[in-house]
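The values are calculated or read from the model by the stated rules, or taken from the named source; none is laboratory data. Every value quoted in this text rests on a predicted model; they were computed, and no experiment measured them. A quick note on method: Cβ atoms are made from the backbone with ideal geometry, for glycine too, and the neighbour counts reach across all protein chains shown.
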Amino acid sequence: MQTTELEMAAQGEFPRVRTRELPAPGPGQVLVRVEATGVSFAEQQMRRGKYYDQPKFPFVPGYDLVGIADGQRVAALTKVGGWADHVVLDREDLVPVPDGVSAEAAETVVVNGLTAWRMLHRAAKVKRGDTIVVLGASGGVGTVLVQLARHAGVDVIGTSGPKQLDEVRALGATVIDHRNEDVHARVRELAPEGVAAVFDHVGGPGIDASWKLLARGGTLVSYGSASTRDVPGNPALPVLKLIAKLQVWNTLPNGRGATFFNLWAGHRFRRARFRAQLREDLTRVFALLRDGVIEPRIAARYPLTEAADALRFAEAGGFTGKVVLVPEG
Ligand SMILES: NC(=O)c1ccc[n+]([C@@H]2O[C@H](COP(=O)([O-])OP(=O)(O)OC[C@H]3O[C@@H](n4cnc5c(N)ncnc54)[C@H](OP(=O)(O)O)[C@@H]3O)[C@@H](O)[C@H]2O)c1
């Protein structure tokens, strides 16, 4: 069985198509015919050698996928390897997709839905009537986060570039143009007492401003370092610096909390628990998608073999939702 996959050969290069012979599935494994995968911010960082858990070149990117295994539509979180038309995966890593949910729709909420749901309900523990700030509300995670928050009865202040403001507003957020407005000053106007949570994937020095937006009892959820994507140096360092800063803030007696959210926590040492939790949470998110609570936001679709163009599109920014890759037949 041959697979067509996209390989990132060396740092700075865009992925190229290659084919290789797939090994037969081993015990507990299954062949998955991929129907949809997608572009995450992680691949922009990985291409530059700047992902905090950077894979060694050459590798096949692809953070998550949806496909058919043994006649059933399933989804998997892979971190790497998803940009292929066939993959062999451990059966225990597969989560069923409900009937009536298309592969492309499901693809918009695998990594993004898991991240958004857990940050809202496990990290920040938002409550009905809260007001929160979502930076980058137009992105793959951001669009799902806004929708889940609105569903939970939470008011959302979302930031985006000027092109995406209308679409973010349509998701139910009050919008701030982060290119042309002073985000900190505008949030202060909208929520003078501070907010219950800030979701910050930007990192860098701006994290200080995010912290200052919190009301008493509020939580800063830091979950990325998008601002350091193009800064040379050790890929783990920006995240380690963030974590150190958050820990200091957490120890101060100020009635606010700060946490770094990591979707992969527990993956290495508590695998069975990690898998069970992933299945539970993704099943919940898929049900919300099936029931129309989450509307899938697809920014663009590309054939899998044109993943390099899809990545260029994502790197240019200015889109709303998820960039989806679809293997041809
Ligand atoms: N910690 C975890 O476990 C975890 C899990 C999943 C994702 N993440 C993080 O979540 C973030 C979003 O991922 P995604 O796949 O949803 O990305 P995405 O779809 O590419 O969206 C990225 C969003 O961030 C904005 N953005 C990019 N660079 C920025 C910068 N320097 N300053 C401010 N905003 C910036 C973009 O706005 P424009 O288009 O207007 O530039 C866009 O709204 C990433 O930082 C990723 O690393 C973390």
Filter result for Glu306 (at pLDDT 95 or above and exposed (fewer than 13 other Cβ atoms within 10 Å of the Cβ)): no
Some residue of the stretch 230-252 being buried (at least 19 other Cβ atoms within 10 Å of the Cβ), in contact (Cβ under 8 Å) with a residue 60 or more places away in the chain and charged (D, E, K, R): no
Count of residues meeting criterion [among the β-branched types (Val, Ile, Thr) and more than 24 Å from Leu145 (Cβ to Cβ)] in the stretch 220-267: 3
Failed condition for Leu252, given (1) at pLDDT 95 or above; (2) among the hydrophobic types (A, V, I, L, M, F, W, C); (3) more than 19 Å from the chain's Cα centre (by Cα): (1)
Flag for Asp166 being among the acidic types (Asp, Glu), surrounded by fewer than 23 Cβ atoms within 10 Å (Cβ to Cβ) and modelled with pLDDT of 95 or more: yes
Positions within the stretch 182-206 being surrounded by 14 or more Cβ atoms within 10 Å (Cβ to Cβ) and either among the acidic types (Asp, Glu) or in contact with a Cys (Cβ under 8 Å, 6 or more places away or on another chain) (or both), in sequence order: Asp200
Thr259 vs. criteria within 12 Å of the ligand (Cβ to nearest atom) and surrounded by fewer than 20 Cβ atoms within 10 Å (Cβ to Cβ): yes
The stretch 28-44, subset more than 8 Å from the ligand (Cβ to nearest atom) and among the β-branched types (Val, Ile, Thr), residue nearest to Val109 (Cα to Cα): Thr37
Test set (1) within 13 Å of the ligand (Cβ to nearest atom); (2) closer than 16 Å to Phe14 by Cα; (3) among the β-branched types (Val, Ile, Thr) - Thr305 fails condition number: (1)
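Please work out if Ala209 is under 26 Å from Arg122 (Cβ atoms), surrounded by 14 or more Cβ atoms within 10 Å (Cβ to Cβ), at pLDDT 95 or above and more than 14 Å from the ligand (Cβ to nearest atom).
For Ala209, the condition - under 26 Å from Arg122 (Cβ atoms), surrounded by 14 or more Cβ atoms within 10 Å (Cβ to Cβ), at pLDDT 95 or above and more than 14 Å from the ligand (Cβ to nearest atom) - is not met.
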The stretch 126-142 residues that are closer than 18 Å to Leu220 by Cβ, paired with ones that are part of a strand (DSSP E or B) and among the charged types (D, E, K, R) (beta carbon under 6 Å, 6 or more apart): Thr131/Asp155; Leu135/Asp200
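Residue check: is Gly82 surrounded by 24 or more Cβ atoms within 10 Å (Cβ to Cβ) and either farther than 23 Å from Ala197 by Cβ or β-branched (Val, Ile, Thr) (or both)?
yes
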Given (1) in a loop (DSSP other than H, G, I, E, B); (2) free of Cβ contacts under 8 Å to residues at least 40 places away in the same chain, index of the condition Gly49 fails: (2)
The stretch 78-99, subset in contact with a helix residue (DSSP H, G or I) (Cβ under 6 Å, 6 or more places away or on another chain) and farther than 19 Å from Thr4 by Cα, residue nearest to the ligand (Cβ to nearest atom): Val95
Candidate set from the stretch 227-255 (those that are of a type in the set (S, T, N, Q) and outside any loop (DSSP other than H, G, I, E, B)); member that is farthest from Gln54 (Cα to Cα): Thr251
Set Glu193, Glu181: member being more than 24 Å from Gly257 (Cβ to Cβ) and either more than 9 Å from the ligand (Cβ to nearest atom) or part of a helix (DSSP H, G or I) (or both): Glu181
Condition met for Ala287 (touching a Pro at 6+ places or on another chain (Cβ under 8 Å), over 25 Å from Gly81 (Cα atoms), assigned to a helix (DSSP H, G or I) and away from the ligand (no atom under 14 Å from the Cβ)): yes
